[in-house]
């Protein structure tokens, strides 16, 4: 998939905050189980998290949900600081994380303004019954390793190999290609695809929402200049007064 | 400048080598206590290796804590040696003579303490060697764009540079020790001094080496702490870190805390080894005056950093500064930092009585180093706790017992290192002091006799 | 070297040593045959001896050049051999390279300077020849190293110049 | 150095071997400056004409009003150049005095006289007050402007106070340290002559009692320290209020310190050039190797420091890749002023770096002089690059996001050239006039050196003995 640039469009209007994507991601990528102790130590491991923001005054208070995952930025601040190339930007526009190269300096996590990088403080272990549930395509990380959302790169590679083996091409929206979170999203808020090929769903959405006059699209923390590959669409709120310029976050 | 009370070489040899050939009675107790604390630290490190980084206090937003603060602190102290010995050698200040080697030895051991901090801090220390460019077959090379590759190259150069500098300046004293010792130590000193006999060309090379190596190590000293500051300054992730002032600010902070550490070691040398004849109140007076200038320059850069933090008028930056100064856990720390690092020591140093007494200088410089340790803590941890846009990700940080033990062990390690070095080699350079007695002279101006020094 | 023998005369003060040196020079010994040994550096020319020549300044330059080249190979080489794009920075990003090359240059310069010092002062010299431990206590030694026949003449000159003690290198197994 | 000592006769002598007693020093130094030669007056008048050109240029500039700040780039650049070279030159007299370096004695007066050029800075500063817009245009500023609470013209107020204080302290330092020499001129001039009356007033009743000398030492120390603090404050205020606030998105905490550090370097360069001029053309051969060797080492260290300050900000901006910081790099380095940046970088860092490491170059008289010419040229173009670039974007100062559009290179028009030439020529003109009032070489410091500098036989060699009075 040489000339691909994987990206995702997250429609905040559709997101209900049901955390289905979070659970799907945990099971797909062998993420250790976050029990209460880990949460209290602020060491929980969630590659995708739902940021919940309350708007308005009581009584008409509205909850806004925003799934935040690794933005796979083009000028990622986390990549140049890793001393062992454990994270870099590959040709498919993704910020890849090589687990066995990481020596755990945690410098990259400090530099991520979106705070989507997670560190294995403890040795992850699973009860006996869950051991077979681990996904064979994803390495099970040991302690001392940094990890983050990888757009389920194992699924992209898998569909790529199958396509090459069968001589077919990878079409857009193929459920085997989509990351676990976008497949699990009941309302289809997360659309994933190749931003470079025009007729992919993602590219069409990005084109419409980012460049139209009243497009709802924006990037998270745009003023930092990281150029993320994830586009957020603003929630359509008929009640809210017309906000002309593009608000964000 | 001062009236010398010692004259002959024999007297100098006797009093400066007494503690190297013999053993002061307090020495064994002090070293074993420090070794005990150091071993406790190693025990804590073993426990961390076994359990994982979880035993430390670091958590998700605050990935760096006590250990990186300690790393920056010890790198700061390590610049004492070069700042005092290199610059004073280049300007040929007479009061440098008894102090240069103690400062350089403090440099060596604080560098080793700093590097051990990196070993404690890293998630997989058994893979730390991957930062070195050694992998010729597989072609997996380190990423030289990362400040964490600049660090080992700079600290490595500085460690090699200053240890070679100490060794070269040590050769003549090893020759003196070889002549005074007997039996096994004599064989060791004879081999270590490489057969130094004191010919005039060897002495000229010692003089040229002192100037040349100082001139070479000085830019390395500047680059080491600039690179340590770029660990924080270069990237944009953390509020309050991405500022261009960090390199000079960290350097002048390092000089401030480093020279204070040298003043502290001088006071200890006067009390422990009873060298009050060699480290006279004039030495404390001179280093006190130097400290006033360094502390005020540091305060100028500190003010610059704060003015430009507020100058940005950006919400996140202003709220970080407010969190650092007025909110509970950080506010009192900031207050103690401001008082101990500047507002108690510097006014105290203005008085000649304070500058000339080892006791006062000892306590004011300890205050300075407490303040500077807090300064690094207040730069690193508050910035990490409050990453603005995502309020749910704000975190708090409290050091765990393992971190406190590790930090204490680095202090014990440096103390133990200096004591052991002082047992094997003379802490005050012999030939420098003897040269001092020869270059002493006086000029008669009417009734008054003005102290003078012979210059080449 | 075996045929050459060294004899040491020990003097209390600088002036006696300077007179002895004049006597030795009058006795027809060249500059490379005699040496003044002192326990501490004296101002240059205090004994009337010629200014010692040294070519130490070449070493740091050679070292700096080697360090620079090694730094260049390390930085450019690793980036080109392992061309991974990180943070949108160019493959051959100059500022980080300049930092590492600067450190390499300085390291090279320092190491070669130290090697130069040890070589220039011909230090690793295990057989000490004529030496007396009182030199590091303030005495001044004047050694004359010539071939066997003339060493006797040197010894007479030294005793004539009022040396406190004479030490013969070939008789000393371990200097006392 | 050692071989030079042998030419000196044994016993006490000042910088010139023939100066072995106080009378000889006073006679020799004061008689040399009694009558000014014809060529001196021709040269002074040439620089006077340049000053007149400057005034014409300023009038041409003022004719089309002060509304468009972009026009004032070159004037601000040359004013900052004056503050960088002439106002920083006295530091060469103050710093070694604190560090008790004996080589500074013959150089301290020529360095201190440069504070007279503060007049030109004041003249240039007055129109700049009108050119700088008030804080109401919404730009960021160190005074945290808030309508109604903060005075909108506070940058003008504080910078004026700082510059006036700097010039006044500079004059006081020059006058106080020259009192003994003025008294010496007074005593040599014939009774009842106009010169005597003038110098009696000038020397403010100096008769040389031990109380006066003790006073003198303290006052010079305090004035020197105060001058250094004022210099840093002026560079701090001028570089923020008249430069950084005009460029949106330029948040560089280091630049005020860089501005001051470059000033120290340019000040040392100015003094080295003055010394070379005095030695070559005015016959003061006493300014010898010691002086050029001392200042040469200082110049080498300050050139390295220039690179270190520049690289600290460049590295943080280059690495961070924040849009507003990339725009600043584009404006000042990569964009319209790239050739000027290369010129500055080479002349201020590369040339001093690769020439001063060779001993024969560093220890010569002409070596440091060549380096100072290259550093002065480099500093001038550095100031032009920064100030003209900043003033060309000053209209976008209100938008806190960052620079929207990078304007093309701004070339100087006739008025700018006149102002620049007039300012530099005027400074030299005022300097040469001042040498007619104050003796160019510090006479009493040479006499003091007589007491503490001694050549003595040390067994078989001659050594230099320097007294260190507490």
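The values are calculated or read from the model by the stated rules, or taken from the named source; none is laboratory data. This one's a predicted model, so the numbers in the text were calculated from it and none came from an experiment. As a convention, Cβ positions derive from the backbone with ideal geometry for all residues, glycine included, and neighbour counts pool all protein chains shown.
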Looking at the range A:46-59, which of its residues are at pLDDT 90 or above and in a loop (DSSP other than H, G, I, E, B)? A:46, A:47, A:48
What residue, among those in the range C:88-120 that are in contact with a helix residue (DSSP H, G or I) (Cβ under 6 Å, 6 or more places away or on another chain), free of Cβ contacts under 8 Å to residues at least 40 places away in the same chain and more than 14 Å from chain A (Cβ to nearest Cβ), is farthest from residue A:73 (Cα to Cα)? C:114
With surrounded by fewer than 21 Cβ atoms within 10 Å (Cβ to Cβ), within 24 Å of the chain's Cα centre (by Cα) and at pLDDT 90 or above as the only criterion, which of D:116, D:168 stands out? D:168
Quick check on residue B:98: is it in a loop (DSSP other than H, G, I, E, B), under 24 Å from the mean Cα position of the chain (by Cα) and at pLDDT 85 or above? yes
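Residues checked against (1) touching a residue at least 40 places away in the same chain (Cβ under 8 Å); (2) surrounded by fewer than 24 Cβ atoms within 10 Å (Cβ to Cβ); (3) over 30 Å from residue C:50 (Cβ atoms); (4) touching a helix residue (DSSP H, G or I) at 6+ places or on another chain (Cβ under 8 Å):
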| position | (1), (2), (3), (4) |
| --- | --- |
| B:204 | no, yes, no, no |
| B:207 | no, yes, no, no |
| B:218 | yes, yes, yes, yes |
| B:222 | no, yes, yes, yes |
| B:237 | yes, no, yes, yes |
| B:245 | yes, no, yes, yes |
| B:263 | yes, no, yes, yes |
| B:269 | yes, yes, yes, yes |
| B:273 | yes, yes, yes, yes |
Quick one: is residue A:113 within 7 Å of another protein chain (Cβ to nearest Cβ) and either surrounded by fewer than 16 Cβ atoms within 10 Å (Cβ to Cβ) or in contact with a helix residue (DSSP H, G or I) (Cβ under 9 Å, 6 or more places away or on another chain) (or both)? yes
Only one of B:261, B:254, B:267 is closer than 30 Å to residue B:61 by Cβ and assigned to a helix (DSSP H, G or I). Can you tell me which? B:254
Mind listing whichever residues of the range B:433-455 are part of a strand (DSSP E or B) and either out of contact with any helix residue (DSSP H, G or I) (no Cβ under 8 Å at 6 or more places or on another chain) or in contact (Cβ under 8 Å) with a residue 24 or more places away in the chain (or both)? B:440, B:441, B:442, B:444, B:448, B:449, B:451, B:453, B:455
Looking at the range C:125-140, can you tell me whether even one residue there is free of Cβ contacts under 8 Å to residues at least 60 places away in the same chain, in contact with a helix residue (DSSP H, G or I) (Cβ under 7 Å, 6 or more places away or on another chain) and facing chain B (nearest Cβ under 8 Å)? yes
Of all residues in the range A:197-222, which are over 18 Å from the mean Cα position of the chain (by Cα) and surrounded by 16 or more Cβ atoms within 10 Å (Cβ to Cβ)? A:200, A:209, A:210, A:215, A:216
Those residues of the range B:115-150 which are in contact with a helix residue (DSSP H, G or I) (Cβ under 7 Å, 6 or more places away or on another chain), more than 7 Å from chain A (Cβ to nearest Cβ) and either under 22 Å from residue B:72 (Cα atoms) or in contact (Cβ under 8 Å) with a residue 60 or more places away in the chain (or both), in sequence order: B:115, B:116, B:117, B:118, B:119, B:120, B:121, B:125, B:144, B:150
Spot the failing condition for residue D:385; the list is (1) part of a loop (DSSP other than H, G, I, E, B); (2) more than 14 Å from every other protein chain (Cβ to nearest Cβ), and only one is missed. (1)
Which of the following residues is touching a residue at least 12 places away in the same chain (Cβ under 8 Å), more than 11 Å from chain B (Cβ to nearest Cβ) and at positive phi: A:30, A:95? A:30
So for the range D:208-222 (the condition being assigned to a helix (DSSP H, G or I), touching a helix residue (DSSP H, G or I) at 6+ places or on another chain (Cβ under 6 Å) and under 30 Å from residue D:327 (Cβ atoms)), does at least one residue qualify? no
Which one is farthest from residue D:320 (Cα to Cα) among residues in the range C:87-117 that are touching a strand residue (DSSP E or B) at 6+ places or on another chain (Cβ under 9 Å) and surrounded by fewer than 23 Cβ atoms within 10 Å (Cβ to Cβ)? C:91
Could you check the range D:263-382 for helices (runs of 4 or more DSSP H) lying wholly inside it with 1 or more residues that are within 14 Å of chain B (Cβ to nearest Cβ)? D:289-320, D:323-329, D:351-356, D:359-362
Would you please list the contacts, defined by Cβ atoms under 6 Å and residues six or more apart or on different chains, that run from a residue in the range D:198-214 that is in contact (Cβ under 8 Å) with a residue 40 or more places away in the chain to a residue that is surrounded by 13 or more Cβ atoms within 10 Å (Cβ to Cβ)? D:202/D:182
Residue by residue through the range A:121-134, note down the ones that are under 21 Å from residue A:86 (Cβ atoms) and either more than 8 Å from chain B (Cβ to nearest Cβ) or surrounded by fewer than 22 Cβ atoms within 10 Å (Cβ to Cβ) (or both). A:122, A:123, A:124
Whether any residue in the range B:192-199 is within 7 Å of another protein chain (Cβ to nearest Cβ), at negative phi and touching a strand residue (DSSP E or B) at 6+ places or on another chain (Cβ under 7 Å) is what I want to check. yes
Name the one entry in B:168, B:227 that is farther than 26 Å from residue B:98 by Cα, touching a helix residue (DSSP H, G or I) at 6+ places or on another chain (Cβ under 6 Å) and touching a residue at least 40 places away in the same chain (Cβ under 8 Å). B:227
Given the conditions (1) within 14 Å of chain D (Cβ to nearest Cβ); (2) farther than 30 Å from residue C:165 by Cα; (3) surrounded by fewer than 18 Cβ atoms within 10 Å (Cβ to Cβ); (4) in contact (Cβ under 8 Å) with a residue 24 or more places away in the chain, and given that residue C:64 satisfies all but one, which numbered condition is not satisfied? (3)
Checking residue B:73 against (1) within 14 Å of another protein chain (Cβ to nearest Cβ); (2) at pLDDT 95 or above, which test does it fail? (1)
Which one is modelled with the lowest pLDDT among residues in the range C:74-83 that are more than 9 Å from chain B (Cβ to nearest Cβ) and either touching a helix residue (DSSP H, G or I) at 6+ places or on another chain (Cβ under 9 Å) or in a loop (DSSP other than H, G, I, E, B) (or both)? C:83
Criterion first (more than 18 Å from the chain's Cα centre (by Cα), in a helix (DSSP H, G or I), at pLDDT 95 or above and surrounded by fewer than 20 Cβ atoms within 10 Å (Cβ to Cβ)) does residue C:69 satisfy it? yes
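Conditions tested, residue by residue: (1) under 19 Å from residue C:134 (Cβ atoms); (2) within 16 Å of the chain's Cα centre (by Cα).
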| residue | (1), (2) |
| --- | --- |
| C:9 | yes, no |
| C:26 | no, no |
| C:40 | yes, yes |
| C:44 | no, yes |
